[in-house]
1. Can you find a residue that is within 17 Å of I216 (Cβ to Cβ), buried (at least 17 other Cβ atoms within 10 Å of the Cβ), assigned by TED's automatic domain parsing to the domain that holds N127 and polar (S, T, N, Q) anywhere in the range 44-58?
2. Name the residue, out of L72, L116, L95, L91, that is in contact with a strand residue (DSSP E or B) (Cβ under 7 Å, 6 or more places away or on another chain), surrounded by fewer than 21 Cβ atoms within 10 Å (Cβ to Cβ) and in contact (Cβ under 8 Å) with a residue 12 or more places away in the chain.
3. Counting only residues that are within 13 Å of the chain's Cα centre (by Cα) and basic (K, R), which one in the range 44-93 is farthest from E34 (Cα to Cα)?
4. Select, from Q41, Q21, Q16, the only residue that is touching a Phe, Trp or Tyr at 6+ places or on another chain (Cβ under 9 Å), more than 15 Å from L91 (Cα to Cα) and not assigned by TED's automatic domain parsing to the domain that holds V198.
5. Checking A103 against (1) closer than 28 Å to G37 by Cα; (2) at pLDDT below 90, only one condition comes out false. Which one?
6. Taking S218, is it assigned by TED's automatic domain parsing to the domain that holds N45, at pLDDT 95 or above, out of contact with any Lys or Arg (no Cβ under 8 Å at 6 or more places or on another chain) and hydroxyl-bearing (S, T, Y)?
7. Only one of A103, A84, A78, A133 is surrounded by 22 or more Cβ atoms within 10 Å (Cβ to Cβ) and in the same structural domain as I205 (by TED's automatic domain parsing). Can you tell me which?
Amino acid sequence: MLSSLFFSQSCYGCDQQLIRQEKLICFDCLSQMEKTGFHMQPEQNELFYRLAGRVPMEGATSLYFFDKKGRLQQLIKALKYKDAPHIGLRLGQLLGHELADSAFMEAVETIIPVPLHRSKKIRRGYNQAEFLARGLASWLEKEVDTSSLIRQFATLTQTRKNAEARWENVGGAFLCKKSIPQHILLVDDVITTGSTLVACIQALISAPEPPLSIRIASIGMARQG
């Protein structure tokens, strides 16, 4: 059919051809990615407990559980390494849809994506976390701040590092010199040990005028064990 020429894009999660109603990710992939539901209990979930006691925060959520070789991993790989920032917008919108009717976002004034170092951003062409944040912000009508929090120096990839090595890799890597809104949401793609987010929060609370509350959100949370 002639119409198929205009709807022949493949799913970034499984390479199957998309149908008219699907946007970048097919319904089958979406059904195979397990939602966490953490936003319903933002201070009583596995992600919050993983970070609790290390830095102050008002709640944490992740849209999906992240499994090796799962569909979400394929999407994140495409987002980060296949020049497909639009997947970030789509995933951010899915997160926004999930959070739209919850109390999790009520106090949030500004969304801050975890920053990339300038050198890595130049190589990749974009910051994937920024596209996630912009997709989320577009759904929830929030502001995105990409200038207050910076990464001072380039770090090695966190992949294949244990918890201690991850922290040594990112400790002190971030800096916040500007005054920022009182209630913020910090956004990343996938959380494993949370070392990157802890380093970001430490920079935020060391700012001249630190925020009153910080919440955390990601698209995926890696299972432990």
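1. yes
2. Numbers: L72 fails: surrounded by fewer than 21 Cβ atoms within 10 Å (Cβ to Cβ); L95 fails: surrounded by fewer than 21 Cβ atoms within 10 Å (Cβ to Cβ); L91 fails: surrounded by fewer than 21 Cβ atoms within 10 Å (Cβ to Cβ).
From the options L72, L116, L95, L91, the qualifying one is L116.
3. Filtering the range 44-93 for residues that are within 13 Å of the chain's Cα centre (by Cα) and basic (K, R), the one farthest from E34 (Cα to Cα) comes out as K80.
4. Values: Q41 fails: not assigned by TED's automatic domain parsing to the domain that holds V198; Q16 fails: touching a Phe, Trp or Tyr at 6+ places or on another chain (Cβ under 9 Å).
When all the criteria are applied, what remains is Q21.
5. So A103 meets the others, but not (2).
6. Details: assigned by TED's automatic domain parsing to the domain that holds N45: yes; at pLDDT 95 or above: yes; out of contact with any Lys or Arg (no Cβ under 8 Å at 6 or more places or on another chain): yes; hydroxyl-bearing (S, T, Y): yes.
So S218 passes the test.
7. On the way: A103 fails: surrounded by 22 or more Cβ atoms within 10 Å (Cβ to Cβ); A84 fails: surrounded by 22 or more Cβ atoms within 10 Å (Cβ to Cβ); A78 fails: surrounded by 22 or more Cβ atoms within 10 Å (Cβ to Cβ).
Going through A103, A84, A78, A133 in turn, the sole match is A133.
Conditions tested, residue by residue: (1) touching an Asp or Glu at 6+ places or on another chain (Cβ under 7 Å); (2) touching a residue at least 12 places away in the same chain (Cβ under 8 Å); (3) over 24 Å from S31 (Cα atoms).
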position	(1), (2), (3)
D83	no, yes, yes
H86	no, yes, no
L99	no, yes, no
T110	yes, yes, yes
G135	no, yes, no
K142	no, yes, yes
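The values are calculated or read from the model by the stated rules, or taken from the named source; none is laboratory data. If you're wondering where the values come from, they're calculated on a predicted model, not measured in any experiment. All Cβ positions, even for glycine, are placed from backbone atoms using ideal geometry, and neighbour counts span all protein chains on display.
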